[in-house]
1. Tell me yes or no: at least one residue of segment 76-91 is touching a helix residue (DSSP H, G or I) at 6+ places or on another chain (Cβ under 6 Å), at pLDDT 90 or above and buried (at least 19 other Cβ atoms within 10 Å of the Cβ).
2. How many residues does segment 1-27 contain that are in a strand (DSSP E or B), surrounded by fewer than 12 Cβ atoms within 10 Å (Cβ to Cβ) and free of Cβ contacts under 8 Å to residues at least 60 places away in the same chain?
3. Within segment 31-44, does at least one residue satisfy the condition of being under 20 Å from residue 12 (Cβ atoms), without any contact (Cβ under 8 Å) to a residue 40 or more places away in the chain and surrounded by 14 or more Cβ atoms within 10 Å (Cβ to Cβ)?
4. Do you know which residues across segment 28-39 are part of a strand (DSSP E or B) and closer than 12 Å to residue 60 by Cα?
5. Go through 62, 42 for me and flag whichever is more than 12 Å from residue 98 (Cα to Cα) and part of a strand (DSSP E or B).
6. When you check residue 50 against the structure, is it surrounded by fewer than 16 Cβ atoms within 10 Å (Cβ to Cβ) and modelled with pLDDT of 90 or more, yes or no?
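The values are calculated or read from the model by the stated rules, or taken from the named source; none is laboratory data. Because the structure is a prediction, the values reported are computed rather than measured. Please note: Cβ atoms are built from the backbone with ideal geometry, for glycine as well, and neighbour counts cover all protein chains shown.
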């Protein structure tokens with residue numbers, strides 16, 4: 001059984017939920033995520049991340065606030081391999097998303 005760890009992060013976005021959802025989907029596609037699932041009724045997006053060094057997923061929840069749109073990110077990754085000693089798998093998953101979120 002794999003040992004999994006999670007990391008959470010929040011972003012702010014000015015615009016509509018539809019714009020935020022579109023940008024999130026573009027960021028996931030650009031970041032190399034696979035099996036991207038979008039649930040419109042929950043404003044939730046899940047993408048799997050799987051390469052030689054990192055196995056995990058990211059969960060994105062969009063919510064409207066007075067200041068705009070909150071984008072809550074939660075990455076979960078396997079932390080029981082030799083590569084996890086050198087860099088955090090969750091940081092690599094988050095970076096794969098945030099570097100492509102434009």
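1. No, because not a single residue in segment 76-91 is touching a helix residue (DSSP H, G or I) at 6+ places or on another chain (Cβ under 6 Å), at pLDDT 90 or above and buried (at least 19 other Cβ atoms within 10 Å of the Cβ).
2. 1
3. Scanning segment 31-44, I find at least one residue that is under 20 Å from residue 12 (Cβ atoms), without any contact (Cβ under 8 Å) to a residue 40 or more places away in the chain and surrounded by 14 or more Cβ atoms within 10 Å (Cβ to Cβ), so the answer is yes.
4. Hits for segment 28-39 are 36, 37, 38, 39.
5. Exactly one residue qualifies, and that residue is 62.
6. Considered against the rule, which asks whether it is surrounded by fewer than 16 Cβ atoms within 10 Å (Cβ to Cβ) and modelled with pLDDT of 90 or more, residue 50 comes out as no.
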